[in-house]
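Written out below as structure tokens is the structure these notes cover.
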Amino acid sequence: MNLKVVTGNPNKVKEVAAYFGEFVVVEHVKLDLPEYRGDDVGEIARGKAKVAYEAVGEPLIVDDTGFYIRALNGFPGAYAAFVLDTIGMEGVLKLMESKPERSAYFETAIAYADEKGIFIFKGRVEGEIMTSPRGKEGFGYDPVFSVGGKTLAEIPLTEKSAISHRGRALEEFKKWFVENRL
């Protein structure tokens, strides 16, 4: 099976490929998609999938991820990429300096689009914000987000794919895809 992954982030494509392994041939399609705004990553992914499918015309997936920090009332939420690009991980750590509550979660929505419509699959992982970055793997907030005592940047990609928000969303997508599209 071939699967087109529409994203500007090659690291996401690597995660998808690591998750599916031999089961799927993953093809990276770089396409500038609108940056939709909203609180629901599923609806943001749906909007991106609609535009991507209209441009590509073949079955594909896109995703959107939110990063929700409880001590910051869910900030940055669905604006995680924008916040990373503007204040960076360092800015988020600065906001967290005086916060004893460190719990947070990532939520990813994967939108699959084909001629029959757009289908949404979500995954979530709970963890904590570290006081400083650790690890060399991963991307984005991975060096400051800890699951079970290790940051996502300290976990090899194949292990990360098994526990991450994107991996969990991919698992839901894979189950559905095998039952409904293969």
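By definition, a body whose alpha carbon gyration tensor gives a ≥ b ≥ c is oblate when a/c is 1.5 or more and a/b is not larger than b/c, and the range 64-111 fits this oblate description. Using heavy atoms of the protein chains and a probe of 1.4 Å, the accessible area assigned to Leu72 is about 30 Å². At the residue level, Lys175 shows approximately 100 square angstrom of accessible surface with a 1.4 angstrom probe and all protein chains present. Converting phi to 3J(HN,Hα) with the Karplus coefficients 6.51, -1.76 and 1.60 and the offset θ = phi - 60°, the range 95-100 yields 4, 8, 3, 9, 9, x Hz in sequence order, with x at every glycine or proline. When the P(r) is computed for the range 3-101, the part past 23 Å accounts for 37% of the Cα-Cα pairs. Against the criterion of solvent-accessible heavy-atom surface with a 1.4 angstrom probe, Ser161, Ser98, Ser103, Ser132 sort, most first, into Ser98, Ser132, Ser103, Ser161.
Residues Arg168, Arg134, sorted by accessible area with the largest first, give Arg168, Arg134 [1.4 Å probe; ligands and nucleic acids excluded].
Indicate the gyration tensor shape class of the chain (rounded, prolate or oblate), computed on the Cα atoms with a ≥ b ≥ c the square roots of the eigenvalues: a/c under 1.5 is rounded; otherwise a/b larger than b/c is prolate and the rest oblate. Numbers along the way, then the final one.
Values: a/c = 2.08, a/b = 1.59, b/c = 1.31.
Prolate, since a/c reaches 1.5 and a/b exceeds b/c.
With the charge dipole of the range 1-78 set up from +1 on Lys and Arg Cβ and -1 on Asp and Glu Cβ about the Cα centre, the Cα lying farthest toward the positive end among the listed residues Val5, Ile44, Gly77 is that of Gly77. Greater than 21 Å separation of Cα atoms is the criterion. Which listed pairs, Lys94/Lys122; Lys94/Lys160; Lys48/Lys122; Lys136/Lys175; Lys48/Lys116, meet it? From the list (Lys94/Lys122; Lys94/Lys160; Lys48/Lys122; Lys136/Lys175; Lys48/Lys116), the Cα-Cα distance tops 21 Å for Lys94/Lys122; Lys94/Lys160; Lys136/Lys175. Think of it as helices only: each DSSP H run of n ≥ 4 in the chain is worth -39500 (n - 2.57), and spread over all residues that comes to -11000 deg cm²/dmol at 222 nm.
In this label model, Lys94 and Arg124 are separated by 3.1 nm, measuring between points 7 Å along each Cα→Cβ vector. Taking GluC sites (Glu not before Pro) as exposed when their DSSP state is a loop state and no more than 13 other Cβ atoms lie within 10 Å, the longest site-free interval of the chain runs over 116-182.
The relative contact order of the range 2-181 comes to 20 percent, based on Cα pairs under 8 Å that sit 6 or more residues apart.
When only DSSP loop residues count, what chymotrypsin sites (Phe, Trp or Tyr not before Pro) in the range 106-182 have their Cβ near at most 15 other Cβ atoms within 10 Å? List each step's numbers first, then the result.
Working: sites: Phe106, Tyr112, Phe119, Phe121, Phe139, Tyr141, Phe145, Phe173, Trp176, Phe177; in loops: Phe139, Tyr141.
Of the chymotrypsin sites (Phe, Trp or Tyr not before Pro), the ones in loops of the range 106-182 whose Cβ has at most 15 other Cβ atoms within 10 Å are Phe139.
Kindly sort Val26, Val144 by accessible area of their heavy atoms, largest first, with the probe set to 1.4 Å. List each step's numbers first, then the result.
Numbers: Val26 35, Val144 0 Å².
Final ranking, largest accessible area leading: Val26, Val144.
The values are calculated or read from the model by the stated rules, or taken from the named source; none is laboratory data. Keep in mind it's a predicted model, so treat the numbers as computed, not measured. Neighbour counts run over all protein chains shown; Cβ positions are idealised from the backbone, glycine included. Calculation scope for accessible area: heavy atoms of the full protein, side chains included, ligands and nucleic acids excluded. Shrake-Rupley method; radii C 1.70, N 1.55, O 1.52, S 1.80 Å.
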